[in-house]
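Read the structure below first, then the notes.
The values are calculated or read from the model by the stated rules, or taken from the named source; none is laboratory data. Remember, it's a predicted structure, so these values are computed and weren't measured experimentally. We place every Cβ from the backbone using ideal geometry, glycine too, and count neighbours over all the protein chains shown. Please note that ligands, DNA and RNA were not included when accessible areas were found on the heavy atoms of the full protein model with its side chains. Shrake-Rupley method; radii C 1.70, N 1.55, O 1.52, S 1.80 Å.
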Amino acid sequence: SELEPDDFRQLNLRLRGQARQPFQMLLTFNPISVDHWLKAEFYDNAKPNASLLQSTYLDNRFIDAAYRGELEALRQGDPTMFQVYALGEWGQLGDKAFPNARFERCRYKPEDFDRVVFGMDFGYQHYHAIEGLGLKDGRLYSFRELYVREKTNPEIIRAADQVLPKVQRCTADSAEPKSIAEWRNAGYRVDGAKKGPDSVEAGFGYLRAREWIIDPEACPGLAAEVRGAVYKKDRQGRPTEEIVSFHDDAMAACRYAVEELIAPSHAGAVKTRAA
């Protein structure tokens, strides 16, 4: 679902040469929108040389209990997302939440940015996300990530030195002061986010308003979340202000990170740069 029609057709044209068996292309996706070109291309107009296979989480022999629970919780919490992500059926989740986001390799090194900020969202069954963002010439770049599940704080701290320099300030979810204390005891400059009544809207508004380049190789978790993030629709089919995504842990970490850019006076050393 991340390909455009021309991308697919170019790839299809380049499958050539001698082969004992016919060349094959495998496309895997969640059927997010009934308006997507994949539905028109393969479902509405059946092709003789294409086979369609629909599977659900019930077909996955390797799924863990926590992930199964997340999917099944959608049945009551968000039936449309359950329809798409759990049952693999075509749905209509809403309009893209981050229309200015682009997915391409980041050509800058951390020291090239005008500002560098980091954010962290704690998680165990959900993802624990650390996201590094850089500001350059008014554009926002996501260039570094740690995105893991079912790891304790000590395990994540041991893995974090390749992602988060200890000299770099990082804004984390203030709802977990015990976790923040563990990171500080390990030598990291982790501070709690200064949440307010409009902090969620302000953070997402900042990310939405800027040209946001996300490196999909360096930040695959964030790229997947942002690609699937949409505005939820009301019963009349109109977009609301609520952003929904199957996972939003990396997006939350980015929202904490840009708090320093929205209100620099709340931050510590604002000119700290990542190594």
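Remarks
- Long-range HN-HN contacts of ASP95 with modeled amide H, under 5 Å: TYR231
- Taking Cα atoms only, the orientation of helix 199-209 departs from the longest principal axis of the chain by about 60 degrees.
- Length gained on full extension, GLN125 to LYS194, computed as 0.36 nm times the residue gap minus the Cα-Cα distance: 22.4 nm.
- Solvent-accessible ranking of HIS36, HIS126, HIS247, largest area first, probe 1.4 Å: HIS126, HIS36, HIS247
- Whichever lysines have a C-alpha closer than 21 Å to that of LYS151, once near sequence neighbours (fewer than 8 apart) are set aside: LYS166, LYS178
- Within straight-line reach of LYS39, meaning a Cα separation under 20 Å, sit the following lysines at least 8 residues removed in sequence or on another chain: LYS47, LYS96.
- Between LYS178 and GLN24, the contour length at 0.36 nm per residue exceeds the alpha carbon distance by 50.3 nm.
- Inter-label distance, nm, simple model (7 Å from Cα along the C-beta direction), TRP37/TYR67: 2.9
- Separation of the ASP112 and ASP59 label points, Cα + 7 Å toward Cβ, nm: 4.2
- Candidate aspartates and glutamates - alpha carbon under 12 Å from LYS136, same-chain residues fewer than 8 apart omitted: GLU111, ASP112, ASP114, GLU211
- Sites ASN12 and GLN162, calculated FRET efficiency, Cβ-Cβ separation with R0 25 Å, nearest 0.05: 0.05
- Secondary-structure-derived ellipticity at 222 nm for the chain, considering helices only, amounts to -7000 deg cm²/dmol, per-run term -39500 (n - 2.57) for DSSP H runs with n ≥ 4.
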